[in-house]
1. Between LEU231, LEU306, LEU420, where does the largest GNM mean-square fluctuation fall for the chain, given springs only between Cα atoms within less than 10 Å?
2. So if R0 is 35 Å, what FRET efficiency would GLN195 and LYS10 give, r being the distance between their Cβ atoms, rounded to the nearest 0.05?
3. Does segment 3-132 classify as rounded, prolate or oblate by the C-alpha gyration tensor (a ≥ b ≥ c root eigenvalues; a/c under 1.5 gives rounded; else a/b over b/c gives prolate, otherwise oblate)?
4. Gain in length, LEU309 to ARG121, computed as 0.36 nm per residue apart minus the alpha-carbon separation, to one decimal in nm?
5. Considering only DSSP states other than H, G, I, E and B, which GluC sites (Glu not before Pro) in segment 271-371 qualify as loop sites with at most 12 other Cβ atoms within 10 Å?
6. Mind checking segment 274-348 for trypsin sites (Lys or Arg not before Pro) that DSSP puts in a loop (not H, G, I, E or B) and that have at most 13 other Cβ atoms within 10 Å?
7. With the chain treated as a Gaussian network of Cα nodes joined by springs under 10 Å, which of VAL122, VAL159, VAL130 yields the largest mean-square fluctuation?
8. When the convex hull of the C-alpha atoms of segment 64-313 is computed, what volume per residue in Å³ does it have?
Amino acid sequence: MALSGLDIFKKLPKTNCKKCNLPTCLAFAMQVAAGKMEISLCPDVSDDVVAQIAEATAPPIRPVTIGTGDDALKIGEETVMFRHDKRFEHQPCIGLLLTDEMSDDILSKHIEQFKATGFERVGIMMKAEVMAIKSVTGDAERFKVIVKRVMDETQALLVLMSDSSIVLEAGLSLCRDRKPLLCGVNTDNLAQVAQLAKENNCPVVAKGKDLDELADLTNKLTASGVKDIVLYPIGTVLKDRFEQETMMRRLALKKIFRPLGFPTINFPCDFTSDKNEEMVIAATFVAKYSGIIILSTLEPHYTYPLFCLRMNIYTDPQRPMTMEEKVYEFNNPDKDSPVLITTNFSLTYFLVAGEIESSRKPVWLAIQNTEGLSVLTAWSAGKFNAESIAKFIKSSGITEKISHRNLIIPGYVAELSGDLEEEMGAGWKVIVGPREAPSLPGFLKQMQV
């Protein structure tokens, strides 16, 4: 059971020494209980107490980091079954599978496909992060050739896949600095792969046919000193894998069952040879509850919906996506160009911005901070009203860039026009624009400032 701040406080020296940069031991205990500070930051706590509190306050699903530096990604650390309970912490990594059976031409095609993957949506770049290199033939030299190509041509996070510790060591000799994920540990090679992981500070994948075998493997790995583990339940029946993912999450969160408290990796391409079906299976694992998803293709017409789904599910529902409050320029506006205003909800911004760009009309677009709320929501909450709009426009500096005094507001808040003209002052005219963004190009073409 997780410890409360008071439980942790009882185990502290209560000297209020401020060595943790907090004023009191109680304040420090509360931060530790909230997961914002580590108990080890208290220099006067015994090693036994540190171990007890670290274990009790550790997240039920251990965080695992793949890669190093700015390119590193973290998976795991989840605390809820459902996004609406709080939020999901780390979105699953999406990657592409390479095998040593592929010809050089196919390898080149796949590597280029990985490098070209990238979609921008509402200002966020969506892309694949991982390349999984699988040894099918057991040829360590061929494996090294592929690892070297991926290292030389990409900045991908790496998953090295082989049941042979010799093959894994061969690949690791080239890429240990990238801290690859070693896949995988089974009952036959546990000692050898665990030793490789410890020597090179790499996370490992534990492979098992069922949850009992996985729990046994993780217990042996942790006993040997390997803590960063990813689970790979071997199976190609979607119903069974769906149930396993749910059971592992429930056991980890509800029962604090540490042997299964790790993120998972899945290979939808092992379930089917049909690419459309593969993406449906991948979408299932995005929602429930994979940490890494490896695909056989990254062709845009297959993967774009998958990236959008991942972004939608792993966006924090408590923190709306927002744009910076300022006046944006489109199509080189001048002093005679119209001024539009809307809220800083990012989806609203990108819808409006896209239509303005397609119209090819020069426009000033004023984005007001409404705490990420859409137009109607912000208006009903009192965050997008005549007073706030007038205050923003007057302080934005736009009046110095235009020769007119016209302001176009969204059609959904047409009733603000009279009050807004009064707030803006003499000489200002408020024009009611269209309700929906797709009507903007026609509206801009018809109007004259």
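1. Taking springs between Cα atoms under 10 Å, the residue moving most is LEU420.
2. Working: r = 40 Å, r/R0 = 1.14.
So the FRET efficiency works out to roughly 0.30.
3. The shape class here is prolate.
4. Numbers: separation 188, 0.36 × 188 = 67.68 nm, distance 1.15 nm.
Stretched out fully, the LEU309 to ARG121 stretch lengthens by 66.5 nm.
5. Of the GluC sites (Glu not before Pro), the ones in loops of segment 271-371 whose Cβ has at most 12 other Cβ atoms within 10 Å are GLU324.
6. Numbers: sites: LYS275, LYS288, ARG310, LYS326, LYS335; in loops: LYS288, LYS335.
Passing both the DSSP loop test and the Cβ count: LYS335.
7. Evaluated over the chain, the most mobile residue of the options is VAL122.
8. It comes to 121 Å³ per residue, whole-number rounded.
Bear in mind that the values in this text are calculations on the coordinates, not laboratory data. Not measured: the values here are computed from a predicted model. Neighbour counts run over all protein chains shown; Cβ positions are idealised from the backbone, glycine included.
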